[in-house]
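Presented below is the structure to which this report refers.
The values are calculated or read from the model by the stated rules, or taken from the named source; none is laboratory data. This one's a predicted model, so the numbers in the text were calculated from it and none came from an experiment. Positions of Cβ are backbone-derived with ideal geometry, glycine not excepted, and every protein chain shown enters the neighbour counts.
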Amino acid sequence: MNDRDGDQQADGLQDVGDRTSLVKADETEFFFLNHAYLNAYIQLLKSIRQHGGLFLLTGEPGVGKTFLLRKLESAAPDNIKFISLFSGELDYETLIKILCERLGVNEIEPYRASKNTALKEYIKQEDAEQRTSVVLLIDDAHKLGEQGLAHLMALFDWSLPDHQSPRIVLGGAPQLEAMVARIGADQMIAARRLDVRLDPLAENDVAAYISRQLSAGAASEVNPVFSRWAVQKITRLTGGVPDLINTLCQRALAITHLKGKTTVSMLAIDQAAKEMMLEAEENNTEGVTLIPWAKHYVPDPPQPTEADFVEP
């Protein structure tokens, strides 16, 4: 190997070494934008702006529900006031206490009835006097349980006109939809309910997602670090769940760097998947084969950008 080849390989190793850490999951400024996320965001914000109701955002763990909810909160217009709780480890009593504290509601007596009444009056006055829509946003709402959710629904007056009707956004696992249905909510709530499902990334979005995560390390292209074969395998192993993609890629990058390689191999991905115990899911998949993208690749539509997150 001549000096030039050695320099090129050293540069490649340094490049891979710089990319062993993808963007952390809690860095919301790197919120991944694709058409499914954008559509979910627009549906929720448009509905919240137009009328009150019960708005559910559900999806498997790790698909980005919390990211989307935070984006929804940060991009809301001035006439929408969010009261957000991003911890689902709450019982109903604690939930009401936190809501009163966040809203600045003074409690005369430490009883549930007093708190409920105070909250109802505050929300009515906020809507009527200040022309501000108060939106209660709870992430991981399925952890409240059916009883807690039922108490929450009963807290609000759903007979109010649309512009004064309560606005509640609940994020959670897919079972949240069934839990709310089993509560037996009345027709007024059912008529104002919106269910939005956030699905895992499609295969054609995974490469763009990995590229975006790697861009924090001064690289805007997936190749040559991850080949299209590698991206396709990552998609199959993770099911398109961003959190799993992050973890799998980080481990595969670290393995590649330790072995002195410049490109993430299929073996490195297999080893990383084995450490995460993902290989069993792939082995149980019947009738699935890897297709070389070079022969069957169709250009994808352009990905949305931050500019697409405008007020609908």
* Asked: Residues that are at pLDDT 90 or above: which helices (runs of 4 or more DSSP H) entirely in region 219-286 hold 3 or more of them?
  -> 228-238, 242-258, 266-275
* **Members of region 142-193 found to be crowded, with 22+ Cβ neighbours inside 10 Å, farther than 25 Å from Lys46 by Cβ and in contact with a Ser or Thr (Cβ under 9 Å, 6 or more places away or on another chain), listed by number** => none
* Checking Leu33 against (1) at pLDDT 75 or above; (2) surrounded by 17 or more Cβ atoms within 10 Å (Cβ to Cβ), which single condition isn't satisfied? -> (1)
* Asked: Does region 185-204 contain any residue that is polar (S, T, N, Q) and touching a His at 6+ places or on another chain (Cβ under 7 Å)?
  -> no
* Confirm whether Tyr92 is of a type in the set (Phe, Trp, Tyr), on the phi < 0 side of the Ramachandran plot, in contact with a helix residue (DSSP H, G or I) (Cβ under 9 Å, 6 or more places away or on another chain) and modelled with pLDDT under 75. => no
* Selected residue (criterion: modelled with the highest pLDDT) from residues of region 47-84 that are under 20 Å from Leu103 (Cβ atoms) and part of a loop (DSSP other than H, G, I, E, B) -> Gly52
* Residue in region 95-122 that is farthest from Leu155 (Cα to Cα), counting only those that are at pLDDT below 70 and aliphatic (A, V, I, L, M) -> Ile108
* Structure fact -> Within region 43-67, restricting to residues that are more than 14 Å from the chain's Cα centre (by Cα) and surrounded by fewer than 20 Cβ atoms within 10 Å (Cβ to Cβ), the one that is nearest to Pro161 (Cα to Cα) is His51
